[in-house]
Amino acid sequence: MAKTLLVVAGPTAVGKTALCVRLAKALQTDVVSADSRQFYRELTIGTAKPTPAEMAGVVHHFINSHTITEQVSAGQYEREALLLLEQLFAEKDLVILSGGTGLYIQALCFGLDDIPPIEPAFRESLEQRVATEGLAPLQKELRRLDPVYVQTADLQNTQRVIRALEVCLATGQPYSSFRRQQTTPRPFQCRLIALDRPRAELYARIDQRMDAMLEAGLVDEARTLLPYRHHNTLQTVGYKEVFGYLDGEYNYEEMVRLLKRNSRRYAKRQLTWFRHQANYQWFSAEDFEGVLQFSVGRLQ
């Protein structure tokens with residue numbers, strides 16, 4: 001019987017952790033995280049990292065596995081996760097991969113795009129432009145050069161905008177044109193599930209999660225991370241809004257508004273990504289029995 005990697009993806013706050021814990025118990029297996037920020041031991045509150053109680057005894061891999069001082073790229077994650085899966089599949093026929101970072105799921109299941117090497121001068125020039133002009137002009141240029149990529153890209157993530165733009169400028173081709181057309185063979189099959197909820201319900205859960213994070217000490221956690229704020233992982237929703245508040249750019253109420261608004265926008269981009277990147281089977285986040293039957297049926 002072929003080994004199966006059961007991918008359970010979906011937007012932030014949709015309920016992936018709770019469903020995957022139930023699945024893992026029912027299928028007697030482990031969960032591998034595909035959340036690019038939960039790797040880091042120093043990031044807890046702002047990443048909505050599952051607590052020991054929420055993991056309920058189910059083994060989760062790639063949570064608290066690295067330090068913020070080393071940036072885990074999608075390529076590094078692909079290599080390390082493949083080695084881990086080789087070990088897990090020696091004992092299990094099915095392993096669950098859960099997360100909302102589409103690029104990392106793509107890397108593990110299908111391989112990364114074959115982008116040619118880029119001269120460092122392109123990145124240096126773009127980074128200088130960000131420092132002097134801000135991010136907005138680069139966002140505008142990327143929209144012009146690659147309208148396909150910007151449909152799903154996080155344009156508030158400075159490093160991703162720079163990465164896409166440097167490829168466009170260096171190669172003369174859209175960054176999106178390098179998306180892999182042929183997948184890298186894997187010694188396991190990937191079964192793709194994506195979770196969703198009614199939009200109003202999802203957004204309400206996001207707002208509630210932000211309130212809970214703030215009550216748990218998100219501002220204090222962000223303050224301890226100020227020395228690492230240049231890290232790409234911290235240039236994302238949940239921390240950059242707090243950094244702006246700590247810098248005195250706006251007051252507490254505006255920080256809360258931005259946290260909730262940007263988190264909702266991030267969830268929308270995640271949904272767009274999963275709808276366009278691969279052939280996911282969509283389920284309600286409450287439909288545990290449906291997901292379980294789909295998983296078991298695929299194993300037969």
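Quick notes on this structure:
- Dipole magnitude of the chain about its Cα centre (Cβ charges: Lys, Arg +1; Asp, Glu -1), debye to nearest 20: 720 debye
- For the chain, the antiparallel share of DSSP beta bridges with both residues in that region comes to about 0%.
- Per residue Cα convex hull volume in Å³ - calculated over region 166-300: 187 Å³
- In this structure the amide hydrogen of Thr152, modeled in the peptide plane, comes within under 5 Å of no amide hydrogen from residues 5 or more places off or on another chain.
- Dipole axis of the chain (+1 Lys, Arg; -1 Asp, Glu on Cβ), positive-most option in Leu126, Met210, Pro174: Pro174
- Here the sum of -39500 (n - 2.57) over DSSP H runs of 4 or more residues, divided by the residues of the chain, equals -15500 deg cm²/dmol at 222 nm, to the nearest 500.
- Annotation for region 205-300: chymotrypsin sites (Phe, Trp or Tyr not before Pro) lying in DSSP loop with at most 15 further Cβ atoms inside 10 Å of their Cβ are Tyr250.
- Stretch gain in nm, segment Thr69-Ala121, where the contour uses 0.36 nm per residue and the Cα spacing is subtracted: 16.3 nm
- Once divided by 2.2 N^0.38 Å, the Cα radius of gyration of the chain becomes 1.00.
- Sorted from greatest to least, the principal axis extents spanned by the alpha carbons of region 14-171 come out as 51, 31, 29 Å.
- Full-stretch length increase - Thr183, Arg223 - with 0.36 nm per residue and alpha-carbon distance subtracted: 10.2 nm
- Geometric descriptor of region 147-206, per residue, is 161 Å³ (volume of the convex hull of the Cα atoms).
- Ranked packing of 21-27, 131-137, most packed first, by mean Cβ within 10 Å: 21-27, 131-137
- Estimated inter-spin distance, Ala204 and Cys190, nm [label 7 Å along Cα→Cβ]: 3.4 nm
- Reachable lysines from Lys268, criterion Cα separation under 28 angstrom, eight or more residues apart if same chain: Lys16, Lys49, Lys140, Lys240, Lys260
- The listed peptides 199-212, 150-163, ordered by packing as a protection proxy, come out as 150-163, 199-212 (highest mean of other Cβ atoms within 10 Å first).
- Charge dipole (debye, nearest 20) of region 118-225; +1 at Cβ of Lys and Arg, -1 at Cβ of Asp and Glu: 580 debye
- Think of it this way: in the chain, Cys20, Cys168 stand alone, with no other Cys Cβ under 4.7 Å.
- Ratio Rg/Rh, restricted to region 120-178 and using Cα atoms, in which Rh is the Kirkwood radius: 0.92
- Burial order of peptide ranges 254-263, 217-226 (average beta-carbon count within 10 Å, highest first): 254-263, 217-226
- Rounded to whole numbers, the Karplus 3J(HN,Hα) couplings from phi for region 223-229 are 4, 5, 9, 3, x, 10, 4 Hz, using 6.51 cos²θ - 1.76 cosθ + 1.60 with θ = phi - 60°, and x at Gly and Pro.
- FRET E, pair Asn251, Gln151, Förster distance 51 Å, beta-carbon r, rounded to 0.05: 0.95
- Here's the list of aspartates and glutamates a cross-link from Lys25 could span, going by alpha-carbon distance under 19 Å and ignoring same-chain residues fewer than 8 apart: Glu54, Glu91, Asp93, Glu286, Asp287, Glu289.
- A simple spin-label model places the labels of Phe89 and Arg22 2.8 nm from each other, with each point 7 Å out along Cα-to-Cβ.
Where a number appears in this text, it was derived from the coordinates with a stated rule and is not lab data. Nothing here was measured: the structure is a model prediction, and the numbers come from that model. Counting neighbours? That spans all protein chains shown, and the Cβs are built from the backbone with ideal geometry, glycine included.
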